[in-house]
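In what follows, a structure is listed as structure tokens, so that the remarks can point back to it.
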Amino acid sequence: MSRADADTGADTSADTGADMGADMGADTGADTGAERALAREPAAGVRGTRLLWTFGLLRSELSVTFRRWRTLALLGVLAAVPVLIGIAVKIETGDGGGAGGHGPAFVGQVTNNGLFLVFAALAATLPVFLPMAVGVIAGDAIAGEANGGTLRYLLVAPAGRTRLLLVKYASTLAFCLVATVVVAVSALAVGALLFPLGDVTTISGVRISFGEGMARAALIALVVAASLVGFAALGLFISTLTNSGIAAMAATVGLLVTVQILDAIPQLHAVQPYLFPHHWLSFADLLREPVLWDGIAENLGLQALYAAVFGSAAWARMTTRDITT
């Protein structure tokens, strides 16, 4: 073999080895990147599927809750309370007696401005009617499913106990908001129909425009709905303790009545600030000029504390509950 042939063979071997090494490195890098991408896709797909399932479960729960005749009856009763208050005030003032200072707060101002019927109706329904309705919904949330035999099937599906509990609580909070809005809207409609509307005179004696009064009425409705957050968590916890929906609803409503009585006993003033309904009527401070936020902040903070404590207790009970019986 000549020297030229030897050089040609060496060059060919070197080039071939370099090309093969480069190709193998490129292929290996491409394969590794593709494998990593494929490894990431299932995780993202699972997260997306879980998110869609959560929203689907919440949508189904909201649909079931608000299509029940019991829920519609509760909302109907709540909507009727402002109607009764408005008619009673109209009849009393029509006889020349005047509204006076009797009845729920703000009733005396309703005859001068129908917007005050919103405040009066919320003040009348918050201590009893609104929390009783929330107690029925929250008490039946888990216990009703167990009593109907559907709880085990919900947990067999890819719902999960924690996710199901969160969906039930979210549905209860949605009812709190809807129920409060129903009372406010009904009161506004009746107030506009039976009484004049105009500028609002606050508790401090300062007049504000009707538009600002409407904005404060909307804010008051949100505060009232938020005032029921802690009680809703308490009712949900009670619902996890029994398989009877009726028993859970009765226990929740009975506890509400008991706490309301304790909050009215002067000798218990030391513990009353820690009772969940103690600051409920603090929303009246939104009708002061300037607005006093201290009582409202205490109320919302107490509700958040109740929600955290009894929400955790409900989760602990739910995750250890035997659903086969």
Residues located in segment 149-180, provided they are over 16 Å from Arg59 (Cβ atoms), among the hydrophobic types (A, V, I, L, M, F, W, C) and buried (at least 17 other Cβ atoms within 10 Å of the Cβ): Leu151, Leu155, Leu165, Cys176, Ala179
Of the residues Leu219, Leu193, which single one is aliphatic (A, V, I, L, M) and more than 17 Å from the chain's Cα centre (by Cα)? Leu193
Within segment 290-325, residues over 17 Å from the mean Cα position of the chain (by Cα) and surrounded by fewer than 14 Cβ atoms within 10 Å (Cβ to Cβ) come out as Pro290, Val291, Trp293, Asp294, Ala297, Ala316, Thr319, Thr320, Asp322, Thr324, Thr325
Given the condition part of a helix (DSSP H, G or I), in contact (Cβ under 8 Å) with a residue 24 or more places away in the chain and either out of contact with any Leu (no Cβ under 9 Å at 6 or more places or on another chain) or not hydrophobic (A, V, I, L, M, F, W, C) (or both), answer yes or no: does some residue in segment 288-297 qualify? no
What's the number of the only condition in (1) in contact with an Asp or Glu (Cβ under 9 Å, 6 or more places away or on another chain); (2) in contact (Cβ under 8 Å) with a residue 60 or more places away in the chain that Asn243 fails to meet? (1)
Taking segment 76-135 on its own, how many of its residues are crowded, with 17+ Cβ neighbours inside 10 Å, assigned to a loop (DSSP other than H, G, I, E, B) and modelled with pLDDT under 85? 6
So which of Leu256, Leu236 ends up being assigned to a helix (DSSP H, G or I) and under 16 Å from the mean Cα position of the chain (by Cα)? Leu236
Scanning segment 225-257 for residues that are surrounded by fewer than 19 Cβ atoms within 10 Å (Cβ to Cβ) and of a type in the set (A, V, I, L, M) gives Leu241, Ile246, Ala247, Ala250, Leu255, Val257
Determine whether segment 272-280 contains at least one residue that is buried (at least 19 other Cβ atoms within 10 Å of the Cβ), in contact (Cβ under 8 Å) with a residue 12 or more places away in the chain, in a helix (DSSP H, G or I) and of a type outside the set (Ser, Thr, Tyr). yes
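The values are calculated or read from the model by the stated rules, or taken from the named source; none is laboratory data. It should be emphasised that the depicted structure is a prediction, and the values quoted were computed from it without experimental measurement. All Cβ positions, glycine included, derive from the backbone under ideal geometry; neighbour counts span all protein chains shown.
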